[in-house]
2 protein chains.
Amino acid sequence: MTIVLKLGGSVVTDKDAPETVDREALEAASRTIAAHGDRDLVVIHGGGSFGHHHAAEHGVSRTTGTHDTEAIRAIHGAMGRLNAAVVDALAAEGVPAIPVRPLSAGRRSAGGELQLPTEQVKTLLAEGFVPVLHGDVIAHEEHGATILSGDELVCALGGALSVDRVGLCSAVPGVLDGGDVIPEIDAFEDVAHALGASESTDVTGGMAGKVRALLDLETTAFVFDRNGLEPFLKGEEPGTRIGWER
Amino acid sequence: MTIVLKLGGSVVTDKDAPETVDREALEAASRTIAAHGDRDLVVIHGGGSFGHHHAAEHGVSRTTGTHDTEAIRAIHGAMGRLNAAVVDALAAEGVPAIPVRPLSAGRRSAGGELQLPTEQVKTLLAEGFVPVLHGDVIAHEEHGATILSGDELVCALGGALSVDRVGLCSAVPGVLDGGDVIPEIDAFEDVAHALGASESTDVTGGMAGKVRALLDLETTAFVFDRNGLEPFLKGEEPGTRIGWER
């Protein structure tokens, strides 16, 4: 049983204050993971108030690159500080967390396709560790370096590893139709009206792109908020289930 | 013209004091690299007083692994602090240095063979950056994690990239026969008497293993001390030239 869990930037940081960890939320999530994460687990976290701030300041995005080494180191450095906080919080609860930093491992082709080697993650998992990856800046052929989002990592690892369940823990309790959580999504057409078609081209920009990408994965994904973390890790079905019923 | 340069732990740290950077030496090396490194350059540094201390304390070596997450994070964390110091020193001189951390990228098979993806390094080089790698701890199938030496990285990158020259800057002015620097080595047999046969099985343990590994590379390598760094970067032949005359 292998699980990929993404902790959104809004779950582990205070999004309104630059480079501020939400200690209480991070510690609570770490306790829950320690208590219920008795399976092969990969943790991915977003940037929250660490990465986005620096990325915006330097005008770097997933598609707009930079050759400014200082900008790259600023973004990567901030994400390293957040990653260290997440790894430390997990370790404090007894989770065998090991940092895995995407800038050190992967690259994008000129066309923007992510090439992320995953043998190191598989070996860490097989040896009983919990790899902790994060949204990062990454080398991009012909563009210098661009942003790699946590959601892209979810899809890359969900596709490359034999993953049984993917969980996205964020600020919302699920995929919403108006104010209501949609319990399950098996085809994009069924929810296109609720998500808005205009967002659907960006894999990470909005919920529509996220849903499309998760539907493409050959694994079941769940979108939930903090309250859904424990049920998700216990094998229940919190929030919205997306795709792939075998 | 692609160059792989290893700065030995003894060049960038004070080996006698735990976790102490030799600032003067590091800044001098950074200035020399900034002045003469006008080619594709990969920098690798050893552990010196950062990595070795923690590795020894936790009983981890290239062949003796650990599943102790705290030990892994201690070694990796110390090497991260040294790597940040090296990257910062290079950046301060205008070198577009980007950290690349082996634990995030590679793994060893059960038999100990290093598998290090290098596409990220190639893309960073092509985009004009200077990747800075370091000796590290690395996931090792069936053994948890073991030490990865800077010399192993030299060989892995020297083999995977199209490298024109490899330089090993360390505490000695070259490969020594008694007190004299051997100017060139084209076959191990020629120097076996000077190096001692007993060391020859360990790829990183002593000079003999180092020479054997460098002879196996399809590129010319040089072993020199601090005084040889500038001549090496200028295309001269300081210290000992090892192998591969095309």
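The values are calculated or read from the model by the stated rules, or taken from the named source; none is laboratory data. The model shown is predicted, which means the values in this text are computed figures rather than measured ones. No Cβ is skipped: glycine too gets one built from the backbone with ideal geometry, and neighbour counts run over all protein chains shown.
I'm trying to understand the selection: among the residues of the stretch A:86-121, which are more than 8 Å from chain B (Cβ to nearest Cβ) and either closer than 15 Å to A:Val132 by Cα or at pLDDT below 95 (or both)? The answer is A:Val86, A:Asp88, A:Ala89, A:Leu90, A:Ala92, A:Glu93, A:Gly94, A:Val95, A:Leu116, A:Thr118, A:Val121. All but one of (1) touching a strand residue (DSSP E or B) at 6+ places or on another chain (Cβ under 6 Å); (2) farther than 15 Å from A:Ile44 by Cα hold for A:Val121; which doesn't? In the conditions (1) touching a strand residue (DSSP E or B) at 6+ places or on another chain (Cβ under 6 Å); (2) farther than 15 Å from A:Ile44 by Cα, A:Val121 misses (2) alone.
Considering only residues that are part of a loop (DSSP other than H, G, I, E, B), farther than 18 Å from B:Ser10 by Cβ and either in contact (Cβ under 8 Å) with a residue 40 or more places away in the chain or in contact with a Cys (Cβ under 8 Å, 6 or more places away or on another chain) (or both), which ones fall in the stretch B:143-181?
Answer for the stretch B:143-181, where residues must be part of a loop (DSSP other than H, G, I, E, B), farther than 18 Å from B:Ser10 by Cβ and either in contact (Cβ under 8 Å) with a residue 40 or more places away in the chain or in contact with a Cys (Cβ under 8 Å, 6 or more places away or on another chain) (or both): B:His143, B:Leu161, B:Ser162, B:Val163, B:Asp164.
Summed over the stretch B:51-62, the residues that are more than 28 Å from A:Ala139 (Cα to Cα) and not in a loop (DSSP other than H, G, I, E, B) give a count of 6. Scanning the stretch A:25-50 for residues that are of a type in the set (A, V, I, L, M, F, W, C) and in a helix (DSSP H, G or I) yields A:Ala25, A:Leu26, A:Ala28, A:Ala29, A:Ile33, A:Ala34, A:Ala35, A:Phe50.
Of all the numbered requirements in (1) at pLDDT 95 or above; (2) buried (at least 16 other Cβ atoms within 10 Å of the Cβ), A:Asp68 misses one, and that requirement is (2).
Once the stretch B:122-141 is narrowed to residues that are facing chain A (nearest Cβ under 8 Å) and in a loop (DSSP other than H, G, I, E, B), the residue that is farthest from B:Ala91 (Cα to Cα) is B:Glu141.
Contact annotation: no residue pair with Cβ atoms under 9 Å, 6 or more positions apart or on different chains, pairs a residue in the stretch B:60-72 that is closer than 20 Å to A:Ala84 by Cβ and away from every other protein chain (no Cβ under 14 Å) with a partner that is assigned to a loop (DSSP other than H, G, I, E, B) and among the hydrophobic types (A, V, I, L, M, F, W, C).
Kindly indicate the residue of the stretch A:63-105 that is among the small types (Gly, Ala, Ser) and not in a helix (DSSP H, G or I) and also farthest from A:Gln120 (Cα to Cα) among those meeting that condition. Per the stated criteria, the residue is A:Gly65.
Here is a yes/no grid of residues against (1) surrounded by 16 or more Cβ atoms within 10 Å (Cβ to Cβ); (2) in contact with a Lys or Arg (Cβ under 6 Å, 6 or more places away or on another chain); (3) closer than 29 Å to B:Ser162 by Cα; (4) not aromatic (Phe, Trp, Tyr):
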{"position": "B:Thr20", "(1), (2), (3), (4)": "no, no, no, yes"}
{"position": "B:Leu26", "(1), (2), (3), (4)": "yes, no, yes, yes"}
{"position": "B:Ser30", "(1), (2), (3), (4)": "yes, no, yes, yes"}
{"position": "B:Ile33", "(1), (2), (3), (4)": "yes, no, yes, yes"}
{"position": "B:His36", "(1), (2), (3), (4)": "yes, yes, yes, yes"}
{"position": "B:Val43", "(1), (2), (3), (4)": "yes, no, yes, yes"}
{"position": "B:Gly48", "(1), (2), (3), (4)": "yes, yes, yes, yes"}
{"position": "B:His54", "(1), (2), (3), (4)": "yes, no, no, yes"}
{"position": "B:Val60", "(1), (2), (3), (4)": "yes, no, no, yes"}
